Amino acid sequence: MKFIMYVGDFIFVLGQLPVDPTTGEICSDDINAQTSPIMINISQLLGELELTMDDAVKTTCFLTDMNNYESFNQVYALYFSDRFPEKSAFQVVALLKGELVEIEWIFAKK
């Protein structure tokens, strides 16, 4: 599910979850295996919008356990070139379907 809002040159993509786009099911119960599909799904969406990860200016990352942050960040970092967007990360009590991670995005058209 994609929730996108355009405001001027900014594109806001609401919480992306680690779900298989064909089944709608959570991909795994492992933080690395949950982070990868979020990053792949957002990359595919960016292709449709004619944007790249380099257009990301801010992410907000919600994790159900901050002990997973380092593992999450290692996978997250693989999808960016030299420039990383600003990032906030928070621990939350729970996510919608029991996911371990959710990421919100802000992109800027150049």
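The values are calculated or read from the model by the stated rules, or taken from the named source; none is laboratory data. Everything numeric here is computed off the predicted structure, so don't read it as measured data. Neighbour counts run over all protein chains shown; Cβ positions are idealised from the backbone, glycine included. Just the protein is used for accessible areas: all its heavy atoms, side chains included, with ligands, DNA and RNA removed. Shrake-Rupley method; radii C 1.70, N 1.55, O 1.52, S 1.80 Å.
What does a probe at Asp30 reach in region 37-78, counting residues whose amide N is under 14 Å from the point 7 Å along Cα→Cβ? Taking a point 7 Å out along Cα→Cβ of Asp30, the residues of region 37-78 whose backbone N falls under 14 Å are 37, 71-72, 75. Among the trypsin sites (Lys or Arg not before Pro) within region 1-99, those in coil by DSSP and having at most 15 neighbouring Cβ atoms inside 10 Å are Lys2, Arg83, Lys97. When you filter the chymotrypsin sites (Phe, Trp or Tyr not before Pro) in region 46-77 for DSSP loop state and at most 15 other Cβ atoms inside 10 Å of their Cβ, nothing is left. Taking each residue as 0.36 nm, the span from Ser81 to Ala108 lengthens on full extension beyond its C-alpha to C-alpha distance by 8.1 nm.
Ranked by solvent-accessible area (1.4 Å probe, protein heavy atoms only, all chains present), the residues Thr64, Thr22 order from largest to smallest as Thr22, Thr64. Within region 1-52, the chymotrypsin sites (Phe, Trp or Tyr not before Pro) that combine a DSSP coil assignment with at most 10 other C-beta atoms in a 10 angstrom radius are Phe3. Note on semi-axes √(5λ) of the Cα gyration tensor in Å: of the candidates (i) 22, 15, 13; (ii) 25, 20, 7; (iii) 28, 14, 12, the value calculated from this structure sits at (i).
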